[in-house]
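Notes to accompany the following structure.
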Amino acid sequence: MWIKVKCSQDIEKGDVLSYDSSQQLWNKSSSLASPLGVARKDAFLKPETDGVYIVEIQLQGQVEAKASRDIPDEGGELNVENGMVYVDNNANHDGIICPNFLDQPSRLSGNLVTIIIR
């Protein structure tokens with residue numbers, strides 16, 4: 001499921017977002033806050049507005065998110081920092097980072113990785 005939400009203009013595809021009630025828009029998440037979503041595309045200027053940016057975010061299911069650290073081939077439990085994901089197998093959260101596809105290069109910090117948000 002995805003929806004369009006108001007966001008800051010610096011949001012890019014793969015950024016992990018949570019709602020910032022003080023600014024009343026979606027920004028990069030600093031933790032595994034709930035609810036969270038992942039930007040499906042880069043933010044864009046809402047038509048017929050003056051400086052209002054929007055983005056499509058996915059709130060559940062399979063989506064690509066930016067990695068904040070190198071991701072092991074086996075994947076693992078999802079955690080969030082600085083608007084990106086990393087493996088934290090000591091966490092007990094509602095998401096996973098999927099294993100790497102066969103014969104693909106290692107997933108490094110900054111790469112898009114497949115995650116599943118439950």
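Rule-based calculations on the coordinates, nothing more; no lab input. Source: prediction; values computed, not measured. Please note: Cβ atoms are built from the backbone with ideal geometry, for glycine as well, and neighbour counts cover all protein chains shown.
Some points to look at:
- Cα gyration tensor shape of the stretch 62-117, rounded if a/c is under 1.5, else prolate or oblate by comparing a/b with b/c: prolate
- Antiparallel beta bridges, as assigned by DSSP with both residues in the chain, represent about 95 percent of the total such bridges.
- The local environment of Asp94, defined by Cβ-Cβ distances under 14 Å, has a net charge of -1 under the rule Lys, Arg +1 and Asp, Glu -1.
- In the chain, taking the dipole from charged Cβ atoms about the Cα centre, the farthest positive-side position among Val16, Leu78, Pro99 is held by Val16.
- Residues whose amide H falls under 5 Å from that of Gln60, counting only those 5 or more places apart or on a different chain, are absent, with hydrogens built in the peptide plane.
- Among Val16, Val38, Val87: highest mean-square fluctuation, GNM of the chain, C-alpha pairs under 10 Å: Val87
- Our coupling estimate for the stretch 95-106, obtained by passing each phi through the Karplus curve with A = 6.51, B = -1.76, C = 1.60 and θ = phi - 60°, is x, 9, 9, 5, x, 5, 5, 4, 6, 9, x, 4 Hz, Gly and Pro reported as x.
- Per-residue HN-Hα couplings for the stretch 20-30 [Karplus 6.51, -1.76, 1.60; θ = phi - 60°; Hz; x = Gly/Pro]: 9, 5, 5, 9, 6, 7, 8, 10, 4, 7, 9
- Taking the Cα centre of the chain as origin and assigning +1 to Lys and Arg Cβ atoms and -1 to Asp and Glu Cβ atoms, the resulting dipole is close to 280 debye.
- A cut-off of 5 Å between modelled amide H atoms, ignoring neighbours fewer than 5 places along the same chain, links Val85 with Lys66, Ala67, Ser68.
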